[in-house]
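The values are calculated or read from the model by the stated rules, or taken from the named source; none is laboratory data. Not measured: the values here are computed from a predicted model. Note: ideal-geometry Cβ built from the backbone for every residue, glycine included; neighbour counts use all protein chains shown.
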Amino acid sequence: MTTPQKAAFFDVDGTLVRTNIVHAFAYYAMNQGTIFGTAWQTAKTAAAAPFLWALDKVNRKAFNELFYGFYKGQTQDRLLTLADELFTDVLKPALHPGTGRLLDETRRAGCRVVLVTGALDFTVRRLADHLGADDLIANRMHFVDGVATGRVIPPIVEGAHKAQVMRDYCVKRGLALDRCWAFSDSFSDYPMLAVVGHPTAVNPDVRLRSVARAYEWPIVDTTQG
Amino acid sequence: MERLSRLYEQTEQIVTIDKDSAPRLMFSGEDLLLEDLPVGTRVIYPNPPIEGLPNVKAAIRWAINHPEGCDPLHALLRPGMKVTIALDDISLPLPPMRTPDVRQQVLEVVLELLADSGVDDVHLVIAIALHRRMTEEEMKRMVGKKIFDAYYPDRYYNHDAEDPDGLVSLGTTRHGEKVVVNRRAAESDLLVYVNLNLVPMDGGHKSVGTGLTNYAGVKAHHDPETIRLSDSYMDPERSELHRRVDRVGKMIDQHLDVFHIETTINNRMFDGPLSFLMKKEDHFTETDRLAVAAMRAGLQKLPRSAKRKIFQAVPAAYDVIAVHAGRTEPTHARILEASWRQYAVDVDFQADIGVMGIPFVSPYSVNSILNPLLVQVMACGYFFNFYRGRPLVKKGGTLILTHPCSDEFDPDFHPSYIEFFHRLLPETRDPFVLQEKYEKEFAENPAYVHMYRTGHAYHGSHPFFMWYWGENGRQHLGRIIAVGADNEHVPRMLGWESAETLADAIDMARSTQGRGAEIAMLHHPPIVMTQNRG
């Protein structure tokens, strides 16, 4: 079998699944193991929600850094165990009906399937395996003695940086960016879309839809099977 | 003698413009132009509509009970057998005909016969090939509510040329054409193909061989070389496209039991308030002239999308003029006779300059936009090829067309056209380079594949076939001049010249063809084809 010469890069949140990293975080918050722990973490999350929402709109990088701070103190074992449940309870049911077919079509086109997400790697690993992705590019939590520090190992995968890590990935594997595809639902992923030869909007938000129309990028709907 | 008598009967369809002739009505997209043509211009009009069959259902019953080359349909049926009925898609006829569509009428007869014969395993498959999937509403309109409710969606659906499990390869012809067919059709005990011939290019082996195949199957005969070698693909006998399609079809007939029900219609495209479009301008009454003036004034004030909606809302008043059934070739031969009887107008000359108005509709833009690539298909593909024998325009002649050529595309129906037009055409117009360098990339583009399979997009490779479709026209014609384009870049990207008015275009053409150049105008729609066997 010949080695694929191209890759298809997929954003995850909103593109492959209806949910996003906030949902994943909320899942952890709601599953603290003790009633008081759960209540405290949930209250903290609820209180921070409006601020996080606003920050997400203004500065995705700052949002991510602050957001991942909420994981501080969680044990690695627990996070990994909960990741399985997160996949079963949250992510798998939230897959868009057309996601599987879109991924199959990219494989038939001879592409490596690569998920590129700002989520933490352990939260989407099961999803990547389930979808048969060849690679996963995601943020990595920093752990000390099996406990999360709340810091993400740089560089943070988000926004403009997604384009950089995709470029690095292609250089490492000998792929040509202009022969690659990128799929995303959000305008915040404009850099990752713009860096490849075949950008594609998937169930796009209003801004990305407008950009896709302007740049004549295809717009794909995976909300139908 | 026969030719002479035919010419005598037909000459009235050719009007030579005189000093006091009325201006001629021409389509320019969704607009109607009134143009004074130079004295001596010969305007070729469609034949009057042939009288429709008085009882279509009776004709369908007669055809399936007296088929060509095989037993009657009822004798081919046995209880418990698996039957697939394939149907032509919305690209035929143009515009869509009034309900009940002839396909509905055929189905009403055939489905009843199948039920009476104990055949319950019946699927209805729309043979879209690489065309867009028909919408639910369009599917309902085509077969009627009763059949739709009974069969949709599990047993009435669009063929999927990208379904990895839905296709079967039957092998390769001796000439190397790949033969791939819809699996359900291939695995059925009987395949019934219900066709609607709008023009002589349609039907016959092309129905199954093209309609129920995939990209590899279409590519086998829709390539630049085949199109270049096709004299006119409206004339199957002289069309390399049809020679190749026939080889594919013969192989399909060896593997599958195919029963064709072919129908064809007359050219009654307009009636009612638009009936003036069926007349010669010299025969216009005062009412017709008022209707033309009112319509032109109204259209001028409306945005293009509104004009499109108006035209698309008016179905054609076609009548069925022939129904034949049976084996592929003898059935198709009977239908072709009827089709040519309707369309062929004998001419005994070739023009230096051809003038053609491009209307609002094409097979690939039903309920959508006639984008620049489709304007090209209409001009160099369809209208140029509307001949039998010798082309209307001489080799090296000039084609003048009227259309605004707006840089406007439907991103849901024609997404890959947009990339083709704006990314590839600026690089090259050479179909062989385009084929070699980009066709496969577009065909396999997962975004386009997904939009074809789950949305209503034409297949990623379709714009290539559209470009190739114009290849024999481009090779034959010396110059192509677009009149009334609302921009400069579209004609330039298509390799055409621009003129503001028809008079300017004719002056430009005369600069090459000479002052005494012979000018001919093909006055359509309705469809007219020239027959020059001299």
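Taken together, the criteria place A:L103 among residues that are at pLDDT 95 or above, within 14 Å of chain B (Cβ to nearest Cβ) and crowded, with 19+ Cβ neighbours inside 10 Å.
Considering region A:200-225, and only residues there that are in contact with a Leu (Cβ under 9 Å, 6 or more places away or on another chain) and in contact (Cβ under 8 Å) with a residue 24 or more places away in the chain, the residue that is nearest to the other protein chains (Cβ to nearest Cβ) turns out to be A:V220. Within region A:106-117, the set of residues being part of a helix (DSSP H, G or I) and surrounded by fewer than 24 Cβ atoms within 10 Å (Cβ to Cβ) comprises A:R107, A:R108. In the set (1) basic (K, R); (2) more than 8 Å from every other protein chain (Cβ to nearest Cβ); (3) over 25 Å from B:D31 (Cβ atoms), the condition left unmet by B:R453 is number (2).
Among the conditions (1) within 14 Å of chain A (Cβ to nearest Cβ); (2) touching a helix residue (DSSP H, G or I) at 6+ places or on another chain (Cβ under 6 Å), the only one that B:M466 does not satisfy is (1). Could you say whether any residue in region B:249-261 is closer than 17 Å to B:V314 by Cβ and aliphatic (A, V, I, L, M)? Scanning region B:249-261, I find no residue that is closer than 17 Å to B:V314 by Cβ and aliphatic (A, V, I, L, M), so the answer is no. As a summary of the residue check, B:A161 satisfies the conditions (1) surrounded by 23 or more Cβ atoms within 10 Å (Cβ to Cβ); (2) small (G, A, S); (3) more than 14 Å from chain A (Cβ to nearest Cβ) except for the one numbered (3). Could you list, in sequence order, the residues of region A:181-198 that are more than 9 Å from chain B (Cβ to nearest Cβ) and buried (at least 24 other Cβ atoms within 10 Å of the Cβ)? Scanning region A:181-198 gives A:A182, A:S184, A:D185, A:D189, A:M192, A:L193, A:V196.
Note on region B:406-430: residues that are in a loop (DSSP other than H, G, I, E, B), within 12 Å of chain A (Cβ to nearest Cβ) and without any contact (Cβ under 8 Å) to a residue 24 or more places away in the chain total 1. Within this structure, A:L120 fails the test of being modelled with pLDDT of 95 or more, more than 14 Å from every other protein chain (Cβ to nearest Cβ), surrounded by 20 or more Cβ atoms within 10 Å (Cβ to Cβ) and under 15 Å from the mean Cα position of the chain (by Cα).
Listed conditions (1) surrounded by fewer than 24 Cβ atoms within 10 Å (Cβ to Cβ); (2) of a type outside the set (S, T, N, Q); (3) closer than 12 Å to B:P411 by Cβ are all met by A:V220, apart from (1). Number of residues in region A:170-210 that are out of contact with any strand residue (DSSP E or B) (no Cβ under 8 Å at 6 or more places or on another chain), assigned to a helix (DSSP H, G or I) and farther than 13 Å from A:D11 by Cα equals 8.
Applying the condition of being within 19 Å of A:Y71 (Cα to Cα) and more than 10 Å from the chain's Cα centre (by Cα) to region A:127-145 and asking which residue is surrounded by the most Cβ atoms within 10 Å (Cβ to Cβ) yields A:M141.
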